[in-house]
Every structure is written in C-alpha cells, then in structure tokens.
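Undergrad: One structure, as structure tokens, below. Some questions next.
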Amino acid sequence: MPKVTVDGEELEVPEGATVLQACELAGKEIPRFCYHERLSIAGNCRMCLVEVKPGPPKPQASCALPATDGQEIRTDSQMVKTAREGVMEFLLINHPLDCPICDQGGECDLQDQSMMYGRGATRYDMNKRAVTEKYMGPLIKTIMTRCIHCTRCVRFSEEIAGVDEIGALGRGEDMQITTYLEQAAEHELSANVIDLCPVGALTSRPYAFEARPWELKKTLSIDVSDAVGANIRLDSRGREVMRALPRVNDEVNEEWLSDKGRYQVDGLSRRRLDKVFMRKRGKLQPASWDEAFKAIAKVKPGKSIAAIAGDMVDCETMFAAKALLKACGSKLLEGRQTGMDYDVSNLAAVNFNSTFAGIETADAILIVGSHIRWEAPLVNVRVRKAVKRGAKVFVVGPHWDTTYPAEFLGEDLAVLDRLPGHVSDALSDAERPAIIMGGAALAQGAQKAGVALADSFKMVRDGWNGFNVLHFSAARMGGLMLGYAQKGGMADIVKAKPKVVLSLGADEMDFQPFADSLKVYIGHHGDKGAHAADIILPGASYAEKDGTYVNTEGRVQFAEKAVFAPGDAREDWTILRALADALKVEVGFDSFAELQGAMIRDVPALGEEGLADYGALPKADGAAKAKGTIASYPIKDFYLTNTIARASAVMQRCSAELLHGEDMLEAAE
C-alpha cells in the first residue's frame, strides 16, 4: 500500500486510490463539483486542486491523480488557496445571481464552496452568456444558464441508469447540456440528477417555489412504492409532506431513489379518506366511529372474519389484525390479494437471498417472469453493475428494455426444463450463478421449478445463495413472516365465505366473490377498495405512523411518523384496537409499544433492523416442471401501481406524457 504525506501527516492508502481519496482519509475536506464517489472521474471542474510533490510546480486536480508512494500533498498552501479562488471566479463568470429565487438556495454546493473558497469579489465586467432552457420532462425543471458543466447528470444517465438521454452539445463557451432532440428524460430514475446537480441548473419541477430547506421538518422513513425498501427522508411543513429525498444506504438503495418513490408524495394530500363512511341504501354516507363499530358488531362474525393485507401496510398493522382475528378464533389471513398461491413453508424460497449488494457480484443471471426495471428500478441498477463486471443475463418472458445486454429466451416457461446449451454452460461455468423469479413466474406456479433449477446448477454454495424471488409489494415479506398466506391463497378465503372481510388497504383484490360479506375497508385513499366497501374506516398512510417494513431481501427496517393523518383518520392499529372492544374480545395491547412488543415476541426477527435469517433453501422437488407461458408482467403502468401514486397529479402526468405519449400543455398554452 502506498504511503503518502498529507499536510505533514503520513498515512497508508489503498492501492489505486486517488490523491483526493488520500486527502479524505487524512480528514481533509477537498472541494469538488464534478467528482462523485459513484460516478466515473471527469476532472473538468478543477475545484479539487492541490499541490503535489514530486511533480510540476503547479496545482493539480486531485480527483484524477493516482496516489503513489512518497507523494507529499499540500491542501492548505497559498498556491492551492489562490488556485481555488481563481477556479471559483471562473465558475461564477457566467453564473447568474439567482440565489434569492433559486430552489437550490440553502442546500447548494456552489453557495457553500464560494463562501468557503471564493475570493469574495469578481474582476469580470463583460456580458454574461445566457442559455435557453431545455425540456427534460414533467419532473425536472431546467435553468441552464446556471449550469457549470460538471457533467454529473450526463454520467449518471449513461453509467447508472443506462439510458443515454442527456449529453453535451458544442464546445467551449457554446457547450450546452441537453436531452437529445429536447425530449423528456423517460426513465424511472431520472430525478436523481436533481440531487446530483451541485448548482440550481436542474431542480424539481413539482417542488418549484414550494418551500425552503430550513422551513422543513426532516423525518427518516422507508419508501413503500416497491419492495426494495429504499431509505428516504420525508421533508414536511405543518401537516403536509413536501418532498421525499433518498438517504445513503449502500446495502439497499446506495443514494438513489425511483421517480415514483420520490414524487408520489403529493398523492398523500389528495383523494384522502378523512371521515367514516357507511353504505346506506346503496350509497356511501358519512357516519360516526360509534355507528360503524356497532354495525360491525351487529353482524356477530365470531370465527367468520377474514383480514386481507394491502401492498403498503406496515407489520404492526398486520399483527394487530392478526391478534384481533386470533381473539375471534379465525385464521383467515392473506396478503397476496391478486390470488397468487405459492409455497411459503420455507421463507428462503420466497426471498431475494443474494441481497441487492450481492447480486452485483453474480456472473450469470437468469431472470424469470420479472420486468425488473418497473418492479424494482434500483435492483435493475445492481444487475447492470453485474453486467458491467462481465455477467451474462438471460430473460424468460416478454421483451422489455433492460438497459444492458441480455438475451431473451421466449415466453414459454418450459424452457426452464431444457435450457439452451449456451445458457446451461454459462450457468454451469459461473462461480456465482443466480436466478431472479418475479411475480409473473410465481403466478404461473414456477416457484418449485426455480428451486429445482437452483439445485441443478448448484446456485447455493459456500458463501453464496443465488436463488432470488423479487416481490414488488412493500408489505409482502413482512406479511409472509406474520402468516398472511393461506395454503390455497385467496381461494381459501373465498371458500370460507366470511361474514366480515377486513381490507387493510387492499385495493388490488377482486371484491366480487365477497358480495355477501360485510366489507370493512381500513385505508387512507378513496380508491378501488373504498368504492367496494360497505364500511370505510379512515386510516393513516406510511408517512403518518411509525411502522416496521421488510423488503424483498428480508431486511427489517423502521419508518418514523412524519405528519398527522387528516380529519378523523386514525393510525390503523388504534382502529383495530377499538374494533376489538366493539367485538368484545381481548387483543393484549393498549399502546403502540405494547403492540410492537407482542409482535416481536411472536416474530423475534421483526425486532432487529437488518437481514432476517430464513435458513436454508428447501430441498428441490425433482418432479417439479415449469408449465405455462408468461404473456405479460403484473405491472402495466410503472407510475400508477398503488393508491398514493394513483392519487398523485405528478404521477398521473408522468403516466400520460412519458408512457402514453400525450402532449401536456402548460396553463398559458
């Protein structure tokens, strides 16, 4: 390992480290605009200048200079100070004085670094250049006169998202960053360039002029728009969530967030259920909590009560419903609303066992029945990383744009029983072979065939488990851990003909078979579930309650309450606790802490944040054969997959413009 001296302090740095990284290891702060830890090195802003000996007697860009043995690095010399002042002066030559009206104000790298490293005055008195605005879609607002050509957005689009939609045109003073043909950036991760932009050139269009960062309360939360469980921060003002931003977690989402997870938050204040409703003479009419509970108790359900969990429910709500049903003598619990039925006797057989960080190291990946780009955009980023390292990818299912080289093997699942020779060879020769099974494969009953395939290619070996199931519901793994799975799926619930059906935010299910049951909807949006319900009890969204969530790799994570629920809406567990009193049964908890304690006693893994241990994969069934074809994937519209997204004006606009090609006109037009 090379030894270098940074401002008089000697230290060892890893082989291949840059001078900038060596300085950071020594605890020195190096200013930068173009350099980013997760992007390739561009070396074009020159803000990270340092003095290095041996070398030419001039400042050098530390981000692009390898650290070598014996280097003496100075970050605080007069030469470095003068050079940084000069670079900052150049960067500000054409930059407009927009700080009072710029959305980046208060969290802007250019503001911070000009204060810290600038000279405080300019000698430039010529005309500034101006750049026309570009249209980058409904999510990204551009003011390109502010652009300093750091090219972070260009490198993100090409390297991380894998969609070459942003690039540079022209040279020198005439250089401009733009989308090709000035069309919208049409991929699921496009808004991450807003976080990457160190100035106010790319800002959030829906959030424009809404709030300043110092006005906002910041709450740590978890994204529930898919099963990745991306770590987010909810910024709220008063009772309204203003925006969602990604938090850094290298094990889960690195520092990225899908556009849906970021922008569906405006749906939290639209189409909300804030009153109790009861169906009277065929129409839903406002009612009181007391009336609703009396109506449910009047049915005298006894053991004949079922609970169906939706896609965004927290574990505490599901456990509270389970406790209520247990007190009533019922075991009719289900979380797979769309009718899927697969073996959950061993949770390792329905888990993403490689982990998200681990799938990057796979060298041959077979994807079966999963449109990963829509079901889990941040997992697609990981698979893309594996491909860049040399992995081969094969897909069974209808064609979709993968953003990396992949071979499609057709839609017939029978191909799993007789893989083409080159595919079989690739999986056999791989040190870390992996299979990813999506919802479309599970719906066709291909789970056991996938386990058999993993066994035949020895995908589970020392230090590696290559069998993965990719869910797309934030509540799915938590629900399976809590027993929300009947042996026959939803069909078992339908056969039981329960007197009362509790729908815990379940909006994707078919309510027709329960025409004779009393349908009680506990949820937060007036969506499909509320339209079908006989009684609506307004609940809280993920932003309005504390809760535990388990992602598709079995990672237990905790989300905090950011704001209060609107109107008469209450946290879901309190509704279920009050319902227990109405039904005259004991559930064993009176507070959230007691509820959480009971849940952790029942399922200890839910008490520890981190990966749950589901044990080893079950033994393969040699007779398991894959049948059927994958004609389509479960998600038809990436932007409108849940109740919050469907209520979001931003998501509706994205769906109309980016997926369905509708021209969206501005108000002035």
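Undergrad: Using Cα positions and a limit of under 25 Å, work out the lysines in reach of Lys625, with same-chain residues fewer than 8 apart set aside.
TA: Filter leaves Lys392, Lys448, Lys458, Lys487.
Undergrad: Show the residues, 5+ positions off or on another chain, whose built amide H is closer than 5 Å to the amide H of Phe408.
TA: Here the answer is Val395, since their amide H atoms fall under 5 Å of that of Phe408.
Undergrad: Normalised by the residues of the chain, what does the relative contact order come to in percent, with Cα pairs under 8 Å and at least six apart?
TA: This gives 14 percent for the chain.
Undergrad: Let me ask something additional. For the chain, find the longest principal axis of its Cα atoms and tell me its angle to the long axis of helix 78-91, 0 to 90°, nearest 10.
TA: Between the helix axis and the principal axis of the chain, the angle is about 70 degrees.
Undergrad: Farthest toward the dipole's positive end in the chain, which of Ala452, Tyr484, Ser648, given Cβ charges of +1 (Lys, Arg) and -1 (Asp, Glu) about the Cα centre?
TA: Value: Tyr484.
Undergrad: Shifting gears a bit: Quick one: putting +1 on the C-beta of Lys and Arg, -1 on the C-beta of Asp and Glu, what dipole do you get for region 413-537 around its Cα centre, in Debye to the nearest 20?
TA: Here the size comes out at about 320 debye.
Undergrad: A follow-up question, please. Region 504-621: Rg/Rh from Cα coordinates, Kirkwood Rh?
TA: Rounded to two decimals, Rg over Rh is 1.02.
Undergrad: Determine, at each q value in 0.09, 0.10, 0.12 (inverse angstroms), the log₁₀ of I(q)/I(0) that the Debye formula gives when each Cα of the chain is one equal point scatterer.
TA: Reported log10 I(q)/I(0), two decimals: -0.84, -1.01, -1.30.
Undergrad: Still on this structure, please answer the following. Using packing as a proxy for protection, rank 610-616, 487-493 so that the peptide with the highest average count of other Cβ atoms within 10 Å comes first.
TA: 487-493, 610-616
Undergrad: Dipole of region 75-204, Cα-centred, from +1 at each Lys and Arg C-beta and -1 at each Asp and Glu C-beta, to the nearest 20 debye?
TA: Using only the charged Cβ atoms, the result is roughly 520 debye.
Undergrad: How large is the convex hull of the Cα atoms of region 435-550 per residue, expressed in Å³ as a whole number?
TA: 137 Å³
Undergrad: Ok, one more. Near the amide H of Ala626, under 5 Å away, which other amide H atoms are found, from residues 5 or more places off or on another chain, if H is placed in the peptide plane?
TA: Asp417
Undergrad: For Lys134, list the lysines whose Cα falls under 23 Å from its own Cα; do not include residues on the same chain fewer than 8 positions away.
TA: Lys260
Undergrad: Tell me the net charge near Arg212. Cut-off is 15 Å between Cβ atoms, Arg212 excluded, with +1 for each Lys or Arg and -1 for each Asp or Glu.
TA: Around Arg212, the surrounding residues sum to -3.
Undergrad: Give the angle, between 0 and 90 degrees and rounded to the nearest 10, that separates the Cα long axis of helix 377-388 from the longest principal axis of the Cα atoms of the chain.
TA: Computed tilt is about 50 degrees.
Undergrad: What does the charge count around Phe638 come to, taking other residues whose C-beta lies under 11 Å from its C-beta (Lys +1, Arg +1, Asp -1, Glu -1)?
TA: Taking every other residue near Phe638 into account, the sum is -3.
Undergrad: Okay, next question. Counting each pair of different Cα atoms once, what's the Kirkwood radius of region 19-154 in Å, rounded to one decimal?
TA: Its Kirkwood hydrodynamic radius stands at 16.4 Å.
Undergrad: With contacts defined as alpha carbon pairs under 8 Å and 6 or more residues apart, what's the relative contact order of region 1-141 in percent?
TA: 22 percent
Undergrad: Output the 0 to 90 degree angle, nearest 10, between the alpha-carbon long axis of helix 447-456 and the longest principal axis computed from the alpha carbons of the chain.
TA: 50 degrees
Undergrad: For the cross-link pairs Lys322/Lys528; Lys298/Lys584; Lys298/Lys499; Lys322/Lys584; Lys283/Lys528, which exceed 18 Å when the distance is taken from alpha carbon to alpha carbon?
TA: Lys322/Lys528
Undergrad: Still on this structure, please answer the following. Whole number please: convex hull volume per residue, Cα atoms of region 483-546, in Å³.
TA: 96 Å³
Undergrad: Could you work out how far the C-alpha centroid of region 382-446 sits from that of region 550-595, in angstrom?
TA: Spelled out, the Cα-based centre of one part sits 40 Å from the other.
Undergrad: If you don't mind, another one. Quick check on packing: order 123-131, 461-469, 446-454 by the mean number of other C-beta atoms within 10 Å, highest mean leading.
TA: Ranking the peptides 123-131, 461-469, 446-454 by packing returns 446-454, 461-469, 123-131.
Undergrad: Order of 550-562, 361-373, 11-23 by packing, highest average Cβ count within 10 Å first?
TA: The peptides rank, most packed first, as 361-373, 550-562, 11-23.
Undergrad: What Kirkwood hydrodynamic radius do you get for region 316-401 when you take the inverse of the mean 1/r over all pairs of distinct Cα atoms, in Å?
TA: One decimal place: 15.9 Å for the Kirkwood radius.
Undergrad: To continue, here is another question. What size of dipole, in debye to the nearest 20, comes out for the chain about its Cα centre when the only charges are +1 on Lys and Arg C-beta atoms and -1 on Asp and Glu C-beta atoms?
TA: 1880 debye
Undergrad: Does region 552-614 come out rounded, prolate or oblate, given a ≥ b ≥ c as the square roots of the eigenvalues of its C-alpha gyration tensor, rounded meaning a/c under 1.5 and, failing that, prolate meaning a/b above b/c?
TA: Because a/c hits 1.5 or more and a/b fails to exceed b/c, region 552-614 counts as oblate.
Undergrad: Excluding Gly628 itself, calculate the net charge of residues whose Cβ lies under 10 Å from the Cβ of Gly628, where each Lys or Arg counts +1 and each Asp or Glu counts -1.
TA: -1
Undergrad: Just want the answer: with Cβ charges of +1 for Lys and Arg and -1 for Asp and Glu, which residue in Tyr639, Thr145, Met1 is farthest toward the dipole's positive end in the chain?
TA: After comparing all options, I get Tyr639.
Undergrad: Something else about it: Determine the principal axes of the Cα atoms in region 155-209, then give the extent along each, sorted from largest to smallest and rounded to whole angstroms.
TA: So the three principal-axis extents are 31, 27, 20 Å.
Undergrad: May I pose another question? For region 7-99, would you read off the P(r) tail past 21 Å as a percentage of all alpha carbon pairs?
TA: I get 31 percent for the Cα pairs in region 7-99 exceeding 21 Å.
Undergrad: Also, quick follow-up: Excluding residues fewer than 8 places away in the same chain, name every one of the aspartates and glutamates whose C-alpha is closer than 14 Å to that of Lys619.
TA: Partners within reach: Asp343, Asp455.
Only the coordinates and a few stated rules stand behind these numbers; no lab work does. As the structure is a prediction and not an experimental result, all values here were calculated from the model. A quick note on method: Cβ atoms are made from the backbone with ideal geometry, for glycine too, and the neighbour counts reach across all protein chains shown.
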